Amino acid sequence: MVALAITAIALVAGLKAAAALADNAARQDRVLLAQVCAENALIELKLTRQLPGVGDSTLSCTQGGRAFEVTRSVRPTPNPNFRRVEAIVRQDAVQVVQVTTLIGRY
């Protein structure tokens, strides 16, 4: 009976560990896809080769069959030749990732 109890406890612990690994893999997948969306939104601004205007914009992004919403915020900096650009990626109104960079005048 004692051996059966020990085996049951070990199996439950193994199931919890496997569930935690599956949850972590799903979270990493979501973060990676959101990171791609954020980078795409920032690269789009860089490819215009112009100093972006100050303001906010919202873009939709689909990666890996998942829908994300990217909020891009452009803010001035003390140096007028640069802008601070922030991309916040959300899925189902939950923030997944935030990327910030500087874009300069070309």
- request: Being among the β-branched types (Val, Ile, Thr), touching a strand residue (DSSP E or B) at 6+ places or on another chain (Cβ under 7 Å) and touching a residue at least 40 places away in the same chain (Cβ under 8 Å) narrows it down to one of 31, 54, 70, 36, so name that one.
  value: 31
message: I'm trying to understand the selection: among the residues of segment 48-61, which are touching a Phe, Trp or Tyr at 6+ places or on another chain (Cβ under 7 Å) and over 30 Å from residue 79 (Cα atoms)?
response: 61
task: Keeping to segment 51-85, report how many residues are exposed (fewer than 15 other Cβ atoms within 10 Å of the Cβ), at negative phi and touching a helix residue (DSSP H, G or I) at 6+ places or on another chain (Cβ under 8 Å).
output: 0
- prompt: Among the residues of segment 63-89, which ones are closer than 25 Å to residue 31 by Cα and either modelled with pLDDT under 95 or charged (D, E, K, R) (or both)?
  reply: 63, 64, 65, 66, 69, 72, 75, 84, 86
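The values are calculated or read from the model by the stated rules, or taken from the named source; none is laboratory data. Everything quoted here is computed from the prediction, not taken from an experiment. Ideal geometry is used to build each Cβ from the backbone, glycine not excepted, and the neighbour counts take in all protein chains shown.
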